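Notes for the one structure printed next.
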Amino acid sequence: MGLAEVLWKKSDLDGAESLYRRLIAIEERAFGPEDPRLGPALNQLSRMLAQKPDFDAAEPLAQRALAIQQESQPGDSIPLAETLESYASVLSGKGDFAAASLHLRRALEIKEKLLPPDNAGISIALGALGWTLYRKGDSTEAETCIRRAIAMGERAGDEANVFVSTQLFQLASILQEKGDSSGSEPLLWRSLALREKALGGNHLWCAQVLEALAGLRVSQGDAKGSVPLIRHALDIKEKVLKPTDPQIAVTLVNLALTLQQAGTPEESEPQLRRALLIYDNALGSEHRAVGSTCFHLATLLHKRGRFAEAEPLYRRALAITEKAWGPDHPETASTMGMLAKLLLATGDLNGARLLMTRAYNIAAKTLGEKHPTTIDMKSTLNGLMMKMMPPSVN
């Protein structure tokens, strides 16, 4: 699996997938479809597909690997623990954190039972369980697991490795959510330093930390200070990825929104237009990312008074959002509400009233009457109705 792993680390997921599938086909012919020797390749391919992400393809492979392992070697074993971890990574990718955490707890129990106390396999299991618990909503236990994983990694005597840097990154995310930005920032800088040392400065995982640092700066009210960090992340992605890769578009949108917060909206528009072109070509014209980017670009043009350019973008965003999320989803209401405000600004009071009424009803139902979005829509709608009232006759 060496070359496939190399391609995976280089983010050539298509090339890695092709090699993994060839290897599995060879092993099936040599050993049979139920032989436990297929397990490692099945696990690796399922993990990689989950990263793409292609969960529909990944889950059957993970299930097959687990079934083969349980049938061929009943009882606790390290291969069983590793297979449980692979399946859990797919479940996490699908958003089923409750099921994933159960598999990871079982994997950790097996490793703690069979491995020496400071074995790296235990620290890996702790880190995976901790992050899954955090995403499940249990930040207290998650922090405990991740701090323990970091301590074990550091005791191993090789702090300059990707594992410790990843745990630092995840702990920083937990602390930031708790409002502890002063505790989060040094962890992120330390994570970045370790990744640069272990992987080199032009690696996608370094870009990930840079974008997290940028987000932290924005949350601290320093949007201008975050711009160089996002530009650095974008520069890395442009060096490593193809120009049409959607990961570049993600960073372009983040940069565009940050430039607006930093007070330079004129620099934001080309970033959004480039991101929209990438998403359109890479993901298709009806993808959610296309819809959200249309919305961001429409909002920017709306604020700058370019109503004629903004309206078709809002309408396209609304059509995509209604199809992707459903007609009664808060995202649909939000897009509808902004389109209504634009129509109000252009003097189409009746069109604005119809859209804002519908948007308000959706928001009231899904978010509640006291939600800020609902309150804003109600205020806009009341003002609109006042404008539409005929003048009183004395």
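The values are calculated or read from the model by the stated rules, or taken from the named source; none is laboratory data. No experiment lies behind these values; they were computed from the predicted model shown. Neighbour counts run over all protein chains shown; Cβ positions are idealised from the backbone, glycine included.
List of remarks:
- If only residues of region 341-394 that are free of Cβ contacts under 8 Å to residues at least 12 places away in the same chain and among the hydroxyl-bearing types (S, T, Y) are counted, the one that is surrounded by the fewest Cβ atoms within 10 Å (Cβ to Cβ) is S392.
- Residues in region 189-222 that are within 21 Å of the chain's Cα centre (by Cα), surrounded by fewer than 20 Cβ atoms within 10 Å (Cβ to Cβ) and under 19 Å from R147 (Cα atoms): W189 only.
- Tally, over region 37-56, of residues that are under 17 Å from I68 (Cβ atoms) and crowded, with 16+ Cβ neighbours inside 10 Å: 10
- Residue within region 227-238 that is assigned to a helix (DSSP H, G or I), in contact with a Phe, Trp or Tyr (Cβ under 8 Å, 6 or more places away or on another chain) and of a type outside the set (A, V, I, L, M) present: no
- Tally of residues being part of a helix (DSSP H, G or I) and either among the charged types (D, E, K, R) or closer than 15 Å to K378 by Cα (or both) across region 309-334: 10
- The lone criterion from (1) closer than 26 Å to S268 by Cβ; (2) over 19 Å from the mean Cα position of the chain (by Cα); (3) at pLDDT 95 or above; (4) of a type outside the set (A, V, I, L, M, F, W, C) left unmet by K242 is number (3).
- Every listed requirement among (1) outside any helix (DSSP H, G or I); (2) in contact (Cβ under 8 Å) with a residue 24 or more places away in the chain is met by P116 save one, (2).
- Evaluation of P186 against the conditions (1) over 18 Å from the mean Cα position of the chain (by Cα); (2) assigned to a helix (DSSP H, G or I); (3) farther than 30 Å from I278 by Cα; (4) at pLDDT below 95 shows that the sole unmet condition is (4).
- Criterion (farther than 14 Å from L91 by Cα, in contact (Cβ under 8 Å) with a residue 12 or more places away in the chain and more than 32 Å from the chain's Cα centre (by Cα)) met by exactly one of P36, P40: P36
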